[in-house]
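Trainee: Have a look at this one.
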């Protein structure tokens, strides 16, 4: 057993080093323009040749990109609570349904139109609909997506988020949005959490507070999305194997059990019995694990592989993101009239 875990040591330490550097460097970038997750991914891709020259790191890197990733997702649940859903109200939840439908419906249709691999288009949709890089990193292993597709989707998310952080506060003021309206818009249409914070508080403190609450509520949608795509992926595998007629999908065999433990953590936080300093410590550990996992994904992916994916998925990502931005703004105006 000890020997088994020794083989993970060098790769584990390498991802830990890259994650530590990324977390430190992210604090030096003003305005949260680039988060630690994307920095870790980029650093990992930069050090990709290390994995080829030092093959003994491979086992540890693979361990981090799978097991540590799932552990990070589970622990992330301690920062969420079911009470947040009640806090944002039915108005925000209806708006989220509109943006989710737009992201996944538009992603599916445009993905077929541009003949983009369904796994990559699904990752781009999940990134836009739920929580940026975290959603991509969570869904990727569930549907057995290529590491280069995971890296591509996270990179596309970052580029769009960079644009939103710079332009959205200015657009919000130009449109004369209130703090709550702007916060709702940002919380439902901007992808990564760091970008929501930057764009939200760039408008006002009230808008920033509300945007973060809405964004965290969006994160809970990761549970049904992962379950749905687990089933879709299993059906496609059966169909490609030509066994669909003889065999049905076994829910038990495809069920992503780490999502169940994620919900246990959310329920634990929802009780209000966990001290805040414990919540903070677990959340910090979760973030470290997630950043380590993204650095591991980067280490397994070369820049050339990502570039080889082509321009169509990037255009698809921009189209999905843009459609969600406009739907979130338009649906908000419509719901205000109805309610």
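Trainee: Among (1) crowded, with 24+ Cβ neighbours inside 10 Å; (2) part of a helix (DSSP H, G or I), there is one condition residue 191 misses while meeting the rest; what is its number?
Mentor: Status for residue 191: all satisfied but (2).
Trainee: Looking at residue 136, is it crowded, with 20+ Cβ neighbours inside 10 Å, farther than 20 Å from residue 35 by Cα, under 15 Å from the mean Cα position of the chain (by Cα) and at pLDDT 90 or above?
Mentor: So residue 136 does not fit the description; no.
Trainee: Residue by residue through region 1-58, note down the ones that are assigned to a helix (DSSP H, G or I), in contact with a helix residue (DSSP H, G or I) (Cβ under 8 Å, 6 or more places away or on another chain) and at pLDDT below 75.
Mentor: Residues satisfying the conditions are 31, 32.
Trainee: Still on this structure: Hey, residue 173 hits all of (1) in contact with a helix residue (DSSP H, G or I) (Cβ under 8 Å, 6 or more places away or on another chain); (2) in a helix (DSSP H, G or I); (3) modelled with pLDDT of 90 or more but one; which does it fall short on?
Mentor: (1)
The values are calculated or read from the model by the stated rules, or taken from the named source; none is laboratory data. All of these numbers come straight from a predicted model, not from anything done at the bench. With ideal geometry, Cβ positions are generated from the backbone for all residues, glycine too; neighbour counts draw on all protein chains shown.
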